[in-house]
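Bear in mind these aren't lab numbers, they're just calculated from the coordinates by the rules spelled out. All of these numbers come straight from a predicted model, not from anything done at the bench. Positions of Cβ are backbone-derived with ideal geometry, glycine not excepted, and every protein chain shown enters the neighbour counts.
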Amino acid sequence: MNQTEPHIELDLEKIEDSGARSHGLEFPRTWPSDVIEKVLGSLSYLLNTIWIALVLIIVVNVTMRYAFNVNYVWVEEVQWHMYAVGFMFGIGYAVMHDSHVRVDVLAANFRPTTRAWIEVISIVGIILPLCWIIVQYGIPFVEASYNRGERSSAPGGLANRWMIKSVIVLAFLYIGMAAFARLLRITAFLFNFPRARVTQ
């Protein structure tokens, strides 16, 4: 008896979209939000190269450690710093593309207007004030590190600790701008201000 297995074709892009953003809302685009998102998107492409560099550094570090029994503290610290940069800026990227974690079990049952209001309250009441506080207190924090010539406490560690501390300020500026662009799109949906762009 000749039985052939059924041929099943899967559209992986549709599966990924439905799993990753099954309940995401696509708010209308506006001219100011498009400008902000274009600038942040260009920075994102540049920052994404950090993951390639990080993988190469890890491979070189592991090879040096196990093949040549050589280990440098500064190489380990470079890895930590690159992780920090990638993840800190990744938060803003997630906000901009609405790919952050949310409770989809609840969100799926809300009307789009209710969900839009929840996002407005979250952005205006939590994200933007938090970004403002962290940037405001972060700048003196970085300045103090620069003025002291702060360096790693580990022997053979990296100097110029102010550079990695400045990532906190820059990343929260990025997050704030991404949240503001998102807010503009939501207000276009709720109040038609700024006016939504007509896409071809």
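Rounded to the nearest 0.05, the FRET efficiency derived from the C-beta distance between residue 64 and residue 152 at R0 = 22 Å is 0.70.
Taking a ≥ b ≥ c as the square roots of the eigenvalues of the alpha-carbon gyration tensor, region 107-176 is classed prolate because a/c is 1.5 or more and a/b outweighs b/c.
Put a dot 7 Å past the Cα of residue 118, heading toward its Cβ, do the same for residue 9, and the two dots end up 3.7 nm apart. Potential lengthening of the chain between residue 190 and residue 126 amounts to 21.1 nm, from the contour at 0.36 nm per residue minus the alpha-carbon distance. Over the chain, DSSP H runs of length four or greater, each weighted -39,500 (n - 2.57), average out per residue to a 222 nm ellipticity of -23500 deg cm²/dmol. Dividing the C-alpha radius of gyration of the chain by 2.2 N^0.38 Å, with N its residue count, gives 1.35. The peptide list 164-176, 184-196, 70-82, put in order of mean Cβ contacts within 10 Å with the highest first, becomes 164-176, 184-196, 70-82. Placing a pseudo-label 7 Å from each Cα along the Cα-to-Cβ vector at residue 79 and residue 46 gives an inter-label distance of 2.7 nm.
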